[in-house]
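Q: Before I ask anything, let me first share the structure, which is written out below as structure tokens.
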């Protein structure tokens, strides 16, 4: 696994959202970022429904009525003790939701908060 602070991981995700650039400096090539954040498993299903995997992230491939709002191309993942994050390139948004909880269902709280975030977007 990976160990990081929420601030440092936020910088990493912002760099990915910026196509490999952070604070005016290129860290990763655009091609590398594209490989990390697009489907790398083809038609293989991993149990997450229509989502696929990039290199280190799940990637939303299509919108679905029964799921929490998120745009196609959004990439996300989480970690132990109820940490989660997602990056929505269409909305230019990085989201981190870090808690330190053991033996808990992290999904419901995260999904409710994600829904509130998308409801707050006013185009």
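The values are calculated or read from the model by the stated rules, or taken from the named source; none is laboratory data. Nothing here was measured: the structure is a model prediction, and the numbers come from that model. Quick reminder, even Gly has a Cβ in these numbers, built from the backbone with ideal geometry, and neighbours come from all protein chains shown.
Results for (1) over 12 Å from the mean Cα position of the chain (by Cα); (2) surrounded by fewer than 18 Cβ atoms within 10 Å (Cβ to Cβ); (3) modelled with pLDDT under 80; (4) in a strand (DSSP E or B), shown as yes or no for each residue.
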| residue | (1), (2), (3), (4) |
| --- | --- |
| 61 | yes, yes, no, no |
| 65 | yes, yes, yes, no |
| 68 | yes, yes, yes, no |
| 77 | no, yes, no, yes |
| 87 | no, no, no, yes |
| 90 | yes, yes, no, no |
| 94 | no, no, no, yes |
| 104 | yes, yes, yes, no |
| 115 | yes, yes, no, no |
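Q: Another question, if that's okay. Looking at (1) in contact with a strand residue (DSSP E or B) (Cβ under 9 Å, 6 or more places away or on another chain); (2) under 22 Å from residue 119 (Cβ atoms); (3) touching a residue at least 40 places away in the same chain (Cβ under 8 Å), find the lone condition where residue 16 falls short.
A: Residue 16 satisfies every listed condition except (2).
Q: Please count how many residues of region 1-13 are over 19 Å from residue 91 (Cα atoms), without any contact (Cβ under 8 Å) to a residue 12 or more places away in the chain and not in a loop (DSSP other than H, G, I, E, B).
A: Total meeting the criteria: 2.
Q: Please go through region 21-38 and pick out each residue that is surrounded by 14 or more Cβ atoms within 10 Å (Cβ to Cβ) and part of a loop (DSSP other than H, G, I, E, B).
A: 27, 28, 37, 38, listed by residue number.
Q: Would you confirm whether any residue within region 39-50 is modelled with pLDDT of 85 or more and surrounded by 13 or more Cβ atoms within 10 Å (Cβ to Cβ)?
A: Step one: of region 39-50, the residues modelled with pLDDT of 85 or more are 39-44.
Filter again for surrounded by 13 or more Cβ atoms within 10 Å (Cβ to Cβ), leaving 39-40.
The answer is yes; a qualifying residue exists.
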